[in-house]
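For reference, the structure discussed in these notes is given below.
The values are calculated or read from the model by the stated rules, or taken from the named source; none is laboratory data. None of the values given here were measured: they were computed from a predicted structure. Note: ideal-geometry Cβ built from the backbone for every residue, glycine included; neighbour counts use all protein chains shown. Surface accessibility is based on the protein's heavy atoms, side chains included, excluding ligands, DNA and RNA. Shrake-Rupley method; radii C 1.70, N 1.55, O 1.52, S 1.80 Å.
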Amino acid sequence: MFSYDLPNGGLNTKTFVTKEGQIKFDPALYEQRYTTTVRIIEDPRWRQSLKKIVDFGCSEMRLLPLLRRIPKVEHILAVDIDEKVLSVFQQRAVPLVSDYLHKREEPLRIEVLKGSITDSVEQLRNVDVVIGLEIIEHLHADVLEKVPENIFGFVQPKLAIFSTPNSEFNVFFDSLLGNGFRHFDHKFEWSRAEFRAWTDNICHRYPNYSVAFLGLGNPPDEKRDVEDVGFATQMALFARNDLIKKPLATDLNGQSLPLSGVKYKEIYTVDFPYYKDERTQDEKIWCEVQYFINRYRYATIYFNVDRHIYQLPWLQLMDFARKENVSQEELLDILRNHNIQVEGNFIIMPEYDDDDDDDHGLCYELNDLNLELNNEYNNQCGNGDAASTAFNIENAKDDSEECWD
């Protein structure tokens, strides 16, 4: 077992009782499950190493739009046993127009597949994260028994996230079905002790894993002190020990186990557009330097009045340089190689560039030309003439044709 808290203080949720006496969750309970799952995957402690995800029991694929926005994820398998549902909702895997306008920085492949959570198939090799939200309670006992062997024996992911209803919380629901459960297809609903027994058994059989527990869906305030019933949804986070800096008990040889002899059926596969930056490291740094100079070139806070120069603090570029694994000395070399003057901690820029002087000269020439034209016309029409005033460029209104540019 290990302790785990969501980054940034967890979720801000409310549970309340309606006038009709029904329990309501804000946001909805399924949204809390999805958000929690994404927050776990995006945890800075391990997000860089999580590239391939499988979502078992994906059904209508409501979680998929959130998963595909995780920056470092490169491969998502959406797996369900119901081919008809997958076919109807496969459009949720289709790239949007925005995916083409704002391309990802990494590749992403999404595969919508028909298959079982118990099948050890080739497509599950190298999966980093297994997601099983509200799926185990839909499985018959003989099927559920095979789940740990496939997930923790064969796939051996870095993270596995399972959630299931907490039966103790059912005392607050007055709309349970005839089978006594929240859904007609549930085969069971476990108490917290029963769920923990299942997770403890997994960690005992597969000692390379540790488990942490989370709860979603608080009891309403007015009922919280009546009795301890826990949360509406109970969630287990299995972490492979090497991910949480604990020693592995055995070698990771699970994927050498025999395959099931089946293959998931492909319903839909798509590769998302992404931007492949083929610039060299120096080119990336130089582009960032140019952006930095252009952005702050004429900022008054950096202007040295006595010397008539701009002093830009180049140390602000180091955050970007470090992301590219560029040292301070390497950054300075790039600046010097592009004839950027550096004094101490500052990039030195003149008050006006040569281009600026040329622009000012052009302005002076145009003003002289305007003056000559006005004088010539005034001489023809007479000084003080109404016509001369009407055609004087200096007095033209902004919406006149003479000011079209």
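The table that follows gives values for the structure above.
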item	result
Among the candidates LEU159, LEU144, LEU133, LEU96, residue that is over 27 Å from PRO273 (Cβ atoms), open to solvent by 10 Å² or more (accessible area, probe 1.4 Å) and within 26 Å of the chain's Cα centre (by Cα)	LEU133
Helices (runs of 4 or more DSSP H) contained in the range 22-107 and holding at least 2 residues hydroxyl-bearing (Ser, Thr, Tyr), out of contact with any Asp or Glu (no Cβ under 8 Å at 6 or more places or on another chain) and in contact (Cβ under 8 Å) with a residue 24 or more places away in the chain	29-41
Among the candidates LYS146, LYS158, residue that is out of contact with any helix residue (DSSP H, G or I) (no Cβ under 7 Å at 6 or more places or on another chain) and charged (D, E, K, R)	LYS146
Within the range 290-337, tally of residues that are open to solvent by 30 Å² or more (accessible area, probe 1.4 Å) and part of a helix (DSSP H, G or I)	20
When residues of the range 191-209 are limited to those that are touching a helix residue (DSSP H, G or I) at 6+ places or on another chain (Cβ under 6 Å) and either of a type in the set (A, V, I, L, M, F, W, C) or surrounded by 18 or more Cβ atoms within 10 Å (Cβ to Cβ) (or both), the one farthest from LEU252 (Cα to Cα)	ILE202
Residue that is most open to solvent (accessible area, probe 1.4 Å) [pool: residues in the range 162-190 that are over 30 Å from GLN48 (Cα atoms) and in contact with a Gly (Cβ under 7 Å, 6 or more places away or on another chain)]	ASP174
Long-range neighbours under 6 Å by Cβ, at least six apart or interchain, first residue open to solvent by 70 Å² or more (accessible area, probe 1.4 Å) within the range 223-240, second modelled with pLDDT of 70 or more and among the aliphatic types (A, V, I, L, M)	PHE231/LEU216
The range 45-71, residues that are open to solvent by 60 Å² or more (accessible area, probe 1.4 Å) and under 20 Å from HIS102 (Cα atoms)	LEU66, ARG69, PRO71
